[in-house]
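Below: the structure, in structure tokens.
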Amino acid sequence: MAEPVVRIPDAKVALSTASVYPESTATAFEIAARLGYDGVEVMVWTDPVSQDIEALRRLSDYHRIPILAVHAPCLLITQRVWSTDPWTKLQRARAAAEKLGAHTVVVHPPFRWQRQYARDFVAGIWRMADETDVRFAVENMYPWRYRDREMLAYAPDWDVTKDDYRHFTIDLSHTATARTDAVHMIDRMGDRLGHVHLADGRGSAKDEHLVPGRGTQPCAEVLERLAMTGFDGHVVIEVNTRRAMSGAEREADLAEALAYTRLHLASAVKVPRR
């Protein structure tokens with residue numbers, strides 16, 4: 001006979017500071033602590049606090065919530081944050097992660113117009129990964145679409161599984177926008193999957209970052225698979241709450257996302273009775 005038991009993986013559930021935009025980085029720490037998240041991922045962007053290691057350390061200490069990951073400034077709006085040189089940005093992200101005790105630096109593949117950076121990117125990420133215990137987890141992206149046109153904006157490729165990286169980040173809003181199968185992508189990543197951005201999407205050309213369960217992505221299936229395989233990375237809630245009409249509505253969305261994630265990470269398995 002076998003009886004079901006609940007297995008909960010070692011994965012921690014963190015809140016991306018991007019999830020509270022247009023509120024501040026400081027607000028994200030406050031909300032994450034109040035709602036019971038295990039930590040935060042700092043999106044380094046135009047908010048000066050997100051760029052200030054000492055300010056981030058004080059927020060972490062004050063709210064007693066660890067910084068588990070640093071998202072390097074890879075967005076179009078952060079082209080001048082922490083230098084205009086992309087390798088300098090990654091070096092500073094690594095230094096921030098090391099000083100703050102974060103386990104992971106999340107990085108996007110280069111834009112195609114960053115030609116030299118793109119040519120050296122795969123080898124360069126390996127070099128940087130060899131110099132630290134911090135994981136450089138390269139994130140899947142998506143083609144840019146407008147009406148019936150498609151533009152390949154990332155190099156070497158938006159599908160990061162086509163290249164050789166030590167660690168990957170999978171983002172389920174990005175799989176929705178790319179209209180690719182998230183479960184198959186996870187299979188291709190294998191044991192190099194080190195980090196998860198959990199959000200949902202409906203396959204729109206727009207990167208939606210919906211609360212998990214509100215789109216068409218297999219969020220529950222992915223979480224249950226992580227539980228079954230003993231995933232030990234971090235699951236980061238990275239959702240868009242900018243349309244929230246109030247702080248209370250934003251917190252309700254983030255509480256729902258956390259509850260959904262914890263529920264589906266608790267996987268029922270059968271073990272032999274002794």
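The values are calculated or read from the model by the stated rules, or taken from the named source; none is laboratory data. In this text the structure is predicted, and so the values were computed from the model without any measurement. Cβ sites come from the backbone with ideal geometry, for glycine too, and all protein chains shown count toward neighbours. Just the protein is used for accessible areas: all its heavy atoms, side chains included, with ligands, DNA and RNA removed. Shrake-Rupley method; radii C 1.70, N 1.55, O 1.52, S 1.80 Å.
Here are some notes:
- For the chain, the carbon plus sulfur part of the accessible surface works out to 49%, probe radius 1.4 Å.
- Put a plus charge on the Cβ of each Lys and Arg, a minus charge on the Cβ of each Asp and Glu, and nothing anywhere else: the dipole of the chain about its Cα centre is then about 180 debye.
- Distance in nm between pseudo-label sites at T132 and L76 (7 Å out along the Cβ direction from Cα): 2.7 nm
- Shown here for the stretch 153-190: chymotrypsin sites (Phe, Trp or Tyr not before Pro) in loop regions (DSSP other than H, G, I, E, B) with at most 11 other Cβ atoms within 10 Å, of which there are none.
- Amide H to amide H distances under 5 Å link G39 with L15, where only residues 5 or more positions off or on other chains count and H is placed in the peptide plane.
- Rolling a 1.4 Å probe over the protein heavy atoms gives the stretch 1-155 an accessible area of 50 Å² per residue.
- When the chymotrypsin sites (Phe, Trp or Tyr not before Pro) in the stretch 61-128 are filtered for DSSP coil states and for at most 10 other beta-carbon atoms within 10 Å of their beta-carbon, the remaining sites are W113.
- Against the compact-protein benchmark of 2.2 N^0.38 Å, the Cα-based radius of gyration of the chain scales to 0.98.
- The chain, helix-only ellipticity at 222 nm - DSSP H runs n ≥ 4, -39,500 (n - 2.57), divided by all residues, nearest 500: -11000 deg cm²/dmol
- With the simple model of a label 7 Å out from the Cα in the direction of the Cβ, S204 to R225 spans 2.5 nm.
- The GluC sites (Glu not before Pro) of the stretch 127-189 that meet both conditions, a loop assignment by DSSP and at most 11 other Cβ atoms within 10 Å of the site Cβ, are E131.
- Amide hydrogen neighbours beyond the local backbone of V44, cut-off 5 Å, H modeled: H71
- Residues with amide H under 5 Å from that of F168, placed H, sequence gap 5 or more: V138, L193, G194, H195
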